[in-house]
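As structure tokens, the structure follows; a few thoughts come after it.
The values are calculated or read from the model by the stated rules, or taken from the named source; none is laboratory data. Just so it is clear, the model here is predicted, and its values are computed rather than measured. Don't worry about glycine lacking a Cβ; one is built from the backbone with ideal geometry, like all the others, and counts go over all protein chains shown. SASA here: full protein model, heavy atoms, side chains in, ligands and nucleic acids out. Shrake-Rupley method; radii C 1.70, N 1.55, O 1.52, S 1.80 Å.
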Amino acid sequence: MLGLSKKDLNLLFIVFVLTMCAPFILNPFPEGSAMAQFNAGYPDLMQRFVIFGIFAIGFNILFGLTGYLSFGHAAFLGVGSYSAVWMFKLLSMNVIPAIVLSVMVAGLFSVLIGYISLRRSGIYFSILTLAFAQMSFALAYSVLTPVTGGETGLQLALNDPRILDGAASSAGNIPVPGLFGLEMRDSTFLRLGDWVFTFNVGYYFSAVIMLLSFYLAIRIFRSPFGMMLRAIKSNQQRMNYTGLNPKPYTLAAFVISGMYAGLAGGLMAAMDPLAGAERMFWTASGEVVLMTILGGVGTLIGPVLGAGLIKYMENIISKINSEILHGWFAFMPDGIEDFMVAIVYPFIGKGWHLTLGIVFMLVVIFLPGGLVEGGQRIARMFRRKKTTQDNTPGTTEPAE
Amino acid sequence: MGILEVKNVGKRFGGLQALGDVNLSVAENSVHAIIGPNGAGKSTLLNCLVGKLIPDTGSVMFDGQSVLGRLPHEINQMGISRVFQTPEIFGDLTVLENMMIPCFAQRDGAFGLNAIADMMKDREIVDRALDMLDEMNMLDKREMHAASLSRGDKRRLEIGMCLSQRPRLLLLDEPTAGMARADTNNTIDLLKQIKDERDITIAIIEHDMHVVFSLAERITVLAQGTPLVEDTPDKIKGHPKVREAYLGEAA
């Protein structure tokens, strides 16, 4: 079905169920309970899960298949966001044209950067992409202020033209992005006992787009084109002497992953219509590298898992403060309680990066194939008798 | 006129004249060996033929067209395939995928943005790859990662990959280097079989005289960047100049 093998179809189905049931899965603890702070089922965070999932899926098409490590992918995300906001300002608050423009502009931008950067490979390629991304950041932050809004970022204003729906904006409020009347920020709540589940329009819109992106990524992985990209990673010399030109292949992969990043950027703007230069900063480019490696380079579902884990830690662990810690350790004698809090404290709140760093190190050292490899090991333990070869390509290639 | 015509080719690396003034003509559907002591310029000559190096002087014509100034993949698409000294295969890919890539390259050209189709449903390509694997006696290894093959199997796979492109000229760079005697003999048999069953020209660079004299129909002896003699194997064996430059050392 859908042109996929049974195994891939199962994978797609799992991702489908996970995304569609996310409001339940991510809200396992009742409202008001001590564990409620570990709930991640609120729209803002769920949107981020799927949007960064798209970003990481696209990045993995370049990095996972060809082995070219781009350190400037956030530039395409930022360009996508700016394009979408401009579309909201000039044309319409409908998200469709905004997202289409984001993808197109990011695509064009990645043709330019890719064409130049792909003249080199390995570390030189990474540095070139990093340089381009930092240049884009600097441009967006200062020089191009009329286009990008500079330090304050690009925001909507009441007197924006919005040619297609000018009449609607006369109401006095800045309109919000929507899909043919459905506002992205709209939510429905479902109360079951102490549990509250939130179903947000923006989340489901993003989730459907992520499913489509994921489906497309599976098709690319299984296509002749995807095999050529893996061949480039494996042996460019043989590629050349087999009558194949690696350059257009790598450029196509670069542009496709740039368009994925643009799509993610456009969706971010559609969820919250403002765009700032910090989206292009090099840490944002580094984050998607971490997501991909953490989840499993070159695997299909890995980047999505990695994106989810990092965004979860960023939003949940960073919210734990010393008061909450004292609450957890309150059952201990005073001295020991303070001691425990003092030990754990550096890893929470603003120290969540420390936790992320440790998790990242543990994964890279003990599970070079990322979370996916962890999952495969657990699965193998459960069915020892039947050892099947895993078909996920290039799972044991950590950072390059 | 031969399928491959090398005229007055010279190549200099800094102070070293790697190739002096090489003239070589490889007749169509023949097996032509290029031998010579270490540093004679055999590999430099080969690299000039496939576009890895560009000679300083002279011309290289394949089937009436110049190969100079073309990129390696363009030269390959003209019908020249190369087997390397150490097998160059796609180690991370399965044996079957390794065999499918040259089939795609031969059918679809140097670049194809075929990003949606399922490669395993391309029956034409899969069947071609399976046939070639069968011919190479590797059908049972098709799901293995190519990197985990034995040295001899890697060589077979590489030769099979080159053949599945249906080249007109097959260049072999010391195909038996570092092989055990049994593997060497297997490779000789394989190459003999290829020569008998196909319309193909084979140019082979080799150190091992056993290989050269069991395969070649014509031999060019290269020494210090210039061809010493070119003749049939029988004549080469007894040639005094060759003994002096090459076989003399070996014996």
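Observations, loosely collected:
- Residue pairs meeting the criteria (Cβ under 9 Å; at least 6 apart or on separate chains; first facing another protein chain (nearest Cβ under 7 Å) and among the β-branched types (Val, Ile, Thr), in region B:100-127; second open to solvent by 10 Å² or more (accessible area, probe 1.4 Å) and in a loop (DSSP other than H, G, I, E, B)): B:116/A:3
- Within region A:188-215, residues that are within 30 Å of residue A:1 (Cα to Cα) reach partners that are polar (S, T, N, Q) and surrounded by 17 or more Cβ atoms within 10 Å (Cβ to Cβ) with beta carbons closer than 6 Å, at six or more positions or on different chains, in the pairs A:202/A:47; A:203/A:47; A:206/A:47; A:207/A:19.
- Scoring residue A:309 on the criteria (1) at pLDDT 90 or above; (2) within 14 Å of another protein chain (Cβ to nearest Cβ) leaves a single failure, condition (2).
- Elements of type helices (runs of 4 or more DSSP H) contained in region A:185-270, each with 2 or more residues being more than 14 Å from chain B (Cβ to nearest Cβ): A:201-222
- Leading residue by the ranking (nearest to residue A:155 (Cα to Cα)) among those in region A:295-314 that are among the small types (Gly, Ala, Ser) and open to solvent by less than 10 Å² (accessible area, probe 1.4 Å): A:307
- Among the residues listed as B:61, B:78, the single one being within 14 Å of another protein chain (Cβ to nearest Cβ), aliphatic (A, V, I, L, M) and either in contact with a Lys or Arg (Cβ under 8 Å, 6 or more places away or on another chain) or touching a residue at least 12 places away in the same chain (Cβ under 8 Å) (or both): B:78
- Qualifying residue in region B:172-187 (condition: surrounded by fewer than 20 Cβ atoms within 10 Å (Cβ to Cβ), outside the structural domain of residue B:27 (by TED's automatic domain parsing), among the aliphatic types (A, V, I, L, M) and over 16 Å from residue B:26 (Cβ atoms)): no
- One residue from B:47, B:38, B:8 being in the same structural domain as residue B:241 (by TED's automatic domain parsing), at pLDDT 90 or above, open to solvent by 20 Å² or more (accessible area, probe 1.4 Å) and within 22 Å of residue B:208 (Cα to Cα): B:47
- The criterion of at least 3 residues that are among the small types (Gly, Ala, Ser) and over 15 Å from the mean Cα position of the chain (by Cα) is met, among strands (runs of 3 or more DSSP E) falling completely within region B:1-41, by B:16-26.
- Flag for residue B:217 being of a type outside the set (A, V, I, L, M) and surrounded by fewer than 17 Cβ atoms within 10 Å (Cβ to Cβ): yes
- For region B:50-65, the candidate set comprises residues that are small (Gly, Ala, Ser) and surrounded by fewer than 17 Cβ atoms within 10 Å (Cβ to Cβ); within that set, the residue that is modelled with the highest pLDDT is B:59.
- Among residues of region A:277-294 being surrounded by fewer than 24 Cβ atoms within 10 Å (Cβ to Cβ), of a type outside the set (Asp, Glu) and over 13 Å from the mean Cα position of the chain (by Cα), the one that is nearest to residue A:371 (Cα to Cα) is A:283.
- Residue match in region A:277-289 (condition: farther than 25 Å from residue A:102 by Cα and either in contact with an Asp or Glu (Cβ under 9 Å, 6 or more places away or on another chain) or assigned to a helix (DSSP H, G or I) (or both)): no
Yes or no, residue by residue, for (1) open to solvent by 10 Å² or more (accessible area, probe 1.4 Å); (2) over 25 Å from residue A:209 (Cα atoms); (3) of a type in the set (Ser, Thr, Tyr):
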{"position": "A:226", "(1), (2), (3)": "no, no, no"}
{"position": "A:232", "(1), (2), (3)": "no, yes, no"}
{"position": "A:255", "(1), (2), (3)": "yes, no, no"}
{"position": "A:262", "(1), (2), (3)": "no, no, no"}
{"position": "A:265", "(1), (2), (3)": "no, no, no"}
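- Selection over region B:129-162 of residues that are open to solvent by less than 50 Å² (accessible area, probe 1.4 Å), over 17 Å from the mean Cα position of the chain (by Cα), away from chain A (no Cβ under 13 Å) and closer than 25 Å to residue B:76 by Cα gives a count of 4.
- Complete set of residues in region B:223-236 that are within 14 Å of residue B:25 (Cβ to Cβ) and buried (at least 19 other Cβ atoms within 10 Å of the Cβ): B:227
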